[in-house]
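What follows is a short report on a single structure.
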Amino acid sequence: MTERIYNFSAGPAVLPLPVLEQVQRDLISLPGVGMSILEISHRSKKFDEIIQGAEEDMRKLAGIPANYHILFLQGGASLQFSMVPMNLLPAGGKADYILTGSWSKKAMKEAQKIGSVNVPASTESDNFSRIPKQSELKLDPEATYVHYTTNNTIFGTEWSYIPDVGSTPLVADASSDIFSGPIDIEKYALIYAGAQKNLAPAGLTLVIIRDDMLARSPKGMHTMLDYNTHASNKSLYNTPPVFAIYVMRLVMTWLLENGGLEAMKRLNDEKARILYESIDSSDFYRGHAASDSRSSMNVTFRLPSEDLEKQFVSEATRAGLDGLKGHRSVGGCRASIYNAFPKSGVESLSAFMKEFERTNRQ
Ligand code: PMP
């Protein structure tokens, strides 16, 4: 097998090796089927087993109750920026959007095309380096829902608590930390996530929606944009992303076999601790996120100069540590360490950081 390097990409991102190996083994011919997953009908018995298996394992893994639908959609988390308000926000109605980064702003812009948006809190003036405290949230009691982004992929901040929004339905974009630890589904009315970080390859979007939210979709909605279409057709109204669903099904099994979400949380916390310790133990590196807002999935940091940052990224790539360039809006470096990212890769980066500092400190 060709040697694999450590992939710190923010997404599409690293997948569990045992999953890739199984995909490779079974790609030409699925056991008992004699055809590739890339070739079989989404209406076949085998695919039915796969999509149902994915849903069952996900319910078990995350404790998703029966009154929530699990939808496997397309269009990325970005299409959910539109589908959420199209379905949940009545024309001229009001919604709350908490702004903690570029993705929450993009989500808000789509909602503004349908109704009026109140911003209960924004940390933009701090360059999105922190998550607001509960006491900062100025929620609108008339909002039809509250939207927030659980983990800010670009800025490397993550909510350490679920905002208390009273009886207003809570909607979360959990694209970059879904299933990185236990999740209290019943606190949410709707959760969505692009799959290409913690779940599967790109092309698949997960939506977990509480039953009562389905009744909110206005009559006359375009069929494909209506959550009811996908809920009543078990995500098979049209041809779904068959391959991505298959890989996600294997990822769900891998998560269950590896101790589930509690075990993932322990491992993710440990990986993040190693990197934040490397940052904190020196004034050569500077974390972007405030310490109480740090993400366990995307670790963002700066070096003393942009030239050193460029050099760091290119030398790291040569050392088999790929994808460390930060997003242009923050600059610097970003290490994305999702569920499937191995602890050994974090240890390698930490050692590389020490050595880079030793040879480049002026
Ligand atoms: N929300 C968050 C938090 C993201 O990180 C991303 C993608 N990086 C998106 C939304 C957009 O996702 P997609 O590319 O699947 O549309």
Problem - Subset tally (residues that are polar (S, T, N, Q), out of contact with any strand residue (DSSP E or B) (no Cβ under 9 Å at 6 or more places or on another chain) and within 27 Å of residue 178 (Cα to Cα)) for the stretch 1-55 - result: 3
Practice task
Answer yes if at least one residue in the stretch 79-88 is surrounded by 18 or more Cβ atoms within 10 Å (Cβ to Cβ) and in contact with a His (Cβ under 8 Å, 6 or more places away or on another chain), and no otherwise.
Solution key: yes
Problem - Unmet requirement for residue 142, which otherwise passes all of (1) touching a Lys or Arg at 6+ places or on another chain (Cβ under 6 Å); (2) surrounded by 23 or more Cβ atoms within 10 Å (Cβ to Cβ) - result: (2)
Handout entry: Odd one out for residue 22 among (1) surrounded by fewer than 14 Cβ atoms within 10 Å (Cβ to Cβ); (2) within 27 Å of residue 175 (Cβ to Cβ)
Key = (1)
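Would you call residue 306 out of contact with any Leu (no Cβ under 7 Å at 6 or more places or on another chain) and under 30 Å from residue 174 (Cβ atoms)?
Numbers: out of contact with any Leu (no Cβ under 7 Å at 6 or more places or on another chain): yes; under 30 Å from residue 174 (Cβ atoms): no.
Spelling it out, it is not the case that residue 306 is out of contact with any Leu (no Cβ under 7 Å at 6 or more places or on another chain) and under 30 Å from residue 174 (Cβ atoms).
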Practice task
Would you confirm whether any residue within the stretch 145-156 is away from the ligand (no atom under 16 Å from the Cβ), open to solvent by 20 Å² or more (accessible area, probe 1.4 Å) and not assigned by TED's automatic domain parsing to the domain that holds residue 295?
Solution key: no
Exercise for the section: Using the structure shown, decide if residue 45 is touching a residue at least 60 places away in the same chain (Cβ under 8 Å), open to solvent by 60 Å² or more (accessible area, probe 1.4 Å), at negative phi and not β-branched (Val, Ile, Thr). Expected result: no
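Can you tell which of 64, 70, 40 is part of a loop (DSSP other than H, G, I, E, B), under 24 Å from residue 202 (Cα atoms), under 18 Å from the mean Cα position of the chain (by Cα) and not charged (D, E, K, R)?
Details: 70 fails: part of a loop (DSSP other than H, G, I, E, B); 40 fails: under 18 Å from the mean Cα position of the chain (by Cα).
None of the other options fit; the residue is 64.
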Exercise for the section: Given the conditions (1) among the charged types (D, E, K, R); (2) within 20 Å of the chain's Cα centre (by Cα); (3) away from the ligand (no atom under 16 Å from the Cβ), report the number of the one that residue 110 does not fulfil. Expected result: (3)
Problem - Index of the failed condition, residue 299 passing every other in (1) assigned to a strand (DSSP E or B); (2) more than 13 Å from residue 8 (Cβ to Cβ); (3) not small (Gly, Ala, Ser) - result: (2)
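The values are calculated or read from the model by the stated rules, or taken from the named source; none is laboratory data. Everything numeric here is computed off the predicted structure, so don't read it as measured data. FYI the Cβ positions are ideal-geometry reconstructions off the backbone, even for glycines, and counts take in every protein chain you see. Heavy atoms of the whole protein, side chains included, go into the accessibility calculation; ligands, DNA and RNA do not. Shrake-Rupley method; radii C 1.70, N 1.55, O 1.52, S 1.80 Å.
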